[in-house]
Amino acid sequence: MRFGYGTNGFANHRLGDALRVLADLGYDGVALTLDHQHLDPFGPDLARRVAALAADLDRLGLAVVVETGARFLLDPWRKHSPTFLDPDRARRVEFLVRAVVIAADLNAEAVSFWSGNKPADIEPESAWAHLVDGCAQA
């Protein structure tokens with residue numbers, strides 16, 4: 001068994017500082033939430049930042065999984081929106097595609113993603129179709 005810790009718990013730390021603290025505490029890995037404060041997947045110089053992060057993780061001996069649970073990254077007005085279940089989910093699909101690429105570049109063990117809550121005005125069959133279609137696009 002290995003123990004990891006989510007970077008959401010270090011929202012007020014620089015990512016490098018959070019990683020050093022976790023390694024010093026004896027954690028084996030991190031669940032890295034892609035978000036504006038740690039690793040913004042839409043920010044500038046993404047390839048350079050991901051390469052530097054991969055080197056830091058390797059140096060610290062930390063495994064990584066990538067999480068896509070950022071609350072307001074995609075829409076500053078609506079938490080976790082858009083989701084795969086929203087009719088206009090293109091930004092969510094783009095986010096997941098970026099997360100998968102980042103995860104590959106970090107040699108991550110997994111990518112975790114959230115489907116989202118079913119909007120009240122969407123029938124269950126339509127919600128399922130949106131989820132399947134969004135996943136297929138990613």
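The values are calculated or read from the model by the stated rules, or taken from the named source; none is laboratory data. Just so you know, these numbers come straight off a predicted model, no measurement behind them. Because the Cβ atoms are built from the backbone with ideal geometry, glycine has one as well, and the counts that use them run over all protein chains shown. Side chains included, ligands, DNA and RNA excluded: accessible areas come from the protein's heavy atoms. Shrake-Rupley method; radii C 1.70, N 1.55, O 1.52, S 1.80 Å.
Observations
- When you restrict to C-alpha pairs under 8 Å that are six or more residues apart and normalise by the size of the chain, the relative contact order lands at 22 percent.
- Against the chain, whose longest principal axis comes from its Cα atoms, helix 15-24 is set at around 60 degrees.
- In nm, spacing of pseudo-spin labels at ALA120 and ARG71 (7 Å Cα→C-beta vector): 2.2
- In the chain, excluding the sites themselves, the longest stretch lacking any of the chymotrypsin sites (Phe, Trp or Tyr not before Pro) that are in a DSSP loop with at most 10 other Cβ atoms within 10 Å is 4-76.
- Calculated accessible area for the chain comes out at 57 Å² per residue, all protein chains present (probe 1.4 Å; ligands, DNA, RNA ignored).
- Here the label points at HIS13 and ALA54, each 7 Å from Cα along the C-beta direction, are separated by 2.4 nm in the simple model.
- Sparse-neighbour loop sites [trypsin sites (Lys or Arg not before Pro); the range 1-48; at most 13 other C-beta within 10 Å; DSSP]: ARG2, ARG14
- Both radii were evaluated on the Cα set of the chain; the Rg over Rh quotient, with Rh as the Kirkwood radius, amounts to 1.01.
- Of the solvent-accessible surface of the chain, computed with a 1.4 Å probe and all protein chains present, 53% belongs to carbon and sulfur.
- FRET efficiency for the pair LEU46 and ALA129, taken as 1/(1 + (r/R0)^6) with r the Cβ-Cβ distance and R0 = 30 Å, rounds to 0.45.
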